[in-house]
Amino acid sequence: YWMFAPFMGLMWISCIVLYGMGAEKLGSLGPVIGWPVLVSTTVLGATMWGFVTGEWKGMKGRPVHLQSAALVVLVAAIFTLGAATRL
């Protein structure tokens, strides 16, 4: 796993740079909208990666339903924030 550490660092700093560029383009609402979207997409990506790698294998019932509901809320929040920038 040591070989993945530099790659993860590069991905993280790239994410922060892209957030900064996007927040600047959003104007005064950039930090208010950009940061929640960044964190939400991080959670979504990590969760999806957990499903792909089998981290959730064998889980049933309430935890899976709770996680699914949380993902739906995050996606809805991203779309809501996106729509709010157009108002």
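One table, with the values for the structure above:
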{"read-out": "For Ala83: the one exception among (1) touching a Leu at 6+ places or on another chain (Cβ under 9 Å); (2) modelled with pLDDT under 85", "value": "(1)"}
{"read-out": "Among (1) surrounded by fewer than 10 Cβ atoms within 10 Å (Cβ to Cβ); (2) outside any helix (DSSP H, G or I) - the single one Pro6 does not satisfy", "value": "(2)"}
{"read-out": "Top-ranked residue in region 26-84 [being aliphatic (A, V, I, L, M) and not in a helix (DSSP H, G or I); ranked as nearest to Ile13 (Cα to Cα)]", "value": "Leu26"}
{"read-out": "Residues satisfying the stated conditions in region 53-82, i.e. within 20 Å of Gly20 (Cα to Cα) and either of a type in the set (Asp, Glu) or over 13 Å from the mean Cα position of the chain (by Cα) (or both)", "value": "Leu81, Gly82"}
{"read-out": "Of all residues making up region 38-63, the number that are open to solvent by less than 40 Å² (accessible area, probe 1.4 Å) and of a type in the set (Val, Ile, Thr)", "value": "1"}
{"read-out": "Test result for Ser28, open to solvent by 40 Å² or more (accessible area, probe 1.4 Å) and among the polar types (S, T, N, Q)", "value": "yes"}
{"read-out": "Residue pairs meeting the criteria (Cβ under 7 Å; at least 6 apart or on separate chains; first farther than 24 Å from Gly20 by Cβ, in region 39-52; second assigned to a helix (DSSP H, G or I) and polar (S, T, N, Q))", "value": "Thr47/Gln67"}
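The values are calculated or read from the model by the stated rules, or taken from the named source; none is laboratory data. Please read all numbers here as calculations on a predicted model, not as lab measurements. Note that each Cβ is placed from the backbone with ideal geometry, even for glycine, and that neighbours are counted across all protein chains shown. Surface areas here come from the heavy atoms of the whole protein model, side chains and all, with no ligands, DNA or RNA. Shrake-Rupley method; radii C 1.70, N 1.55, O 1.52, S 1.80 Å.
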